[in-house]
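Any read-out appearing in this document is the output of simple, stated calculations on the displayed coordinates, not a laboratory observation. Because the structure is a prediction, the values reported are computed rather than measured. Cβ atoms come from the backbone with ideal geometry, glycine included; neighbour counts cover every protein chain shown.
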Ligand code: PEP
Ligand code: MN
């Protein structure tokens with residue numbers, strides 16, 4: 001109740017994010033208070049004046065949540081991966097009018113995310129939205145769940161009409177980088193944020209490291225620089241148009257050069273074929289990369305980008321050589 005009231009007092013929150021059932025990776029962690037907490041949510045909703053959202057993973061949970069006036073439902077990342085579970089939730093939603101948000105699956109698989117969305121839409125739910133909570137990866141990284149922004153951007157491109165919410169809490173898994181991830185999401189024109197908050201973050205029973213107090217959450221929202229997707233200024237449009245033309249020209253040149261590069265790779269392939277040499281020579285590949293890193297560094301290109309770019313170019317080259325050598 002205190003968290004709810006203090007969140008409402010910030011004036012920055014539209015909906016209370018309130019878990020009742022919490023799927024946890026390992027047994028023995030706090031798995032949520034369960035159905036008996038639903039009346040508490042009703043109280044929080046009434047006292048704060050804010051609608052409430054709850055994660056559901058089974059048909060029974062959908063029924064219980066709706067019975068206690070929950071306003072928004074969401075499907076968690078661990079459920080989105082499982083079409084059986086998503087279908088069960090979708091079946092329970094038939095004939096109901098409630099907004100449903102669908103978190104991306106734990107693994108970076110757009111088809112699973114889309115599949116869950118389709119199952120819920122097919123059940124007749126009109127108000128479907130998406131939540132980008134990042135993707136699990138093995139080993140310790142900066143993030144708890146790698147954002148892989150390009151996947152969320154691709155979903156926005158394919159389904160521009162759907163609401164897209166970002167979940168910085170589960171992407172970061174820690175407090176210190178919440179603000180920058182939230183800002184990135186807003187800069188990418190996301191429609192909103194879902195953030196975990198607790199009156200005593202360190203003593204929260206789940207995900208303590210990523211919790212922030214309602215007041216810190218309020219500040220975080222205030223610190224966000226909001227931008228618009230468009231502007232009425234003609235000068236801005238004219239300047240942008242010119243720069244975009246430059247980008248188009250440069251992209252055309254790059255594509256032509258890449259096409260030429262592949263032709264050269266094919267020629268190399270012919271020589272290798274005639275002399276019965278393997279496609280890949282690790283030494284040569286290492287020296288290409290080293291040259292590229294040195295050059296990229298001077299041109300202000302990050303090592304990460306140079307690596308990705310050369311990986312892609314190299315794969316395409318290999319495919320071209322492969323065709324020549326096996327024809
Ligand atoms: C949650 O929202 O607390 C949760 C369990 O997140 P996710 O489904 O993204 O792991
Ligand atoms: Mn959580």
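Structure summary
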{"quantity": "Principal axis dimensions, largest first and in whole angstrom, of the range 210-264 by Cα", "calculated": "59, 37, 10"}
{"quantity": "Rounded to 10°, Cα long-axis angle of helix 110-122 versus longest principal axis of the chain", "calculated": "40 degrees"}
{"quantity": "Between helix 282-299 and the chain: long-axis angle, C-alpha atoms, 0 to 90°, nearest 10", "calculated": "70 degrees"}
{"quantity": "Peptides 220-228, 243-251 ordered by average Cβ neighbours within 10 Å, highest first", "calculated": "220-228, 243-251"}
{"quantity": "Peptides ranked, highest mean first, by Cβ atoms within 10 Å: ranges 272-282, 41-51, 306-316", "calculated": "41-51, 306-316, 272-282"}
{"quantity": "Residue of 74, 149, 285 that the Gaussian network model of the chain assigns the largest fluctuation, springs spanning Cα pairs under 10 Å", "calculated": "285"}
{"quantity": "Pairwise centroid distance, computed over Cα atoms, of the range 30-81 with the range 262-277, Å", "calculated": "62 Å"}
{"quantity": "Within the chain, helix-based [θ] at 222 nm, where runs of 4 or more DSSP H residues each add -39,500 (n - 2.57), nearest 500", "calculated": "-17000 deg cm²/dmol"}
{"quantity": "Extension gain, residue 215 back to residue 109 (0.36 nm per residue minus Cα-Cα distance, nm)", "calculated": "34.6 nm"}
{"quantity": "Space enclosed by the convex hull of the alpha-carbon atoms of the chain, per residue, Å³", "calculated": "198 Å³"}
{"quantity": "Choice from 238, 18, 116 showing the highest fluctuation, given a GNM over the chain with Cα pairs closer than 10 Å", "calculated": "238"}
{"quantity": "Fraction of alpha-carbon pairs over 23 Å apart in the range 1-106 - percent", "calculated": "27 percent"}
{"quantity": "Extended-chain gain in nm, criterion 0.36 nm per residue less alpha-carbon gap, residue 47 and residue 35", "calculated": "2.4 nm"}
{"quantity": "FRET E, pair residue 282, residue 174, Förster distance 45 Å, beta-carbon r, rounded to 0.05", "calculated": "0.75"}
{"quantity": "By average C-beta atoms within 10 angstrom, highest first, the peptides 170-176, 263-269, 290-296", "calculated": "170-176, 263-269, 290-296"}
{"quantity": "Translational diffusion coefficient (Stokes-Einstein; Kirkwood radius from C-alpha pairs) of the range 263-327 at 10 °C, 1.306 mPa s, in µm²/s", "calculated": "125 µm²/s"}
{"quantity": "Pairwise FRET efficiency - residue 307 versus residue 206, Cβ, R0 = 25 Å, nearest 0.05", "calculated": "0.10"}
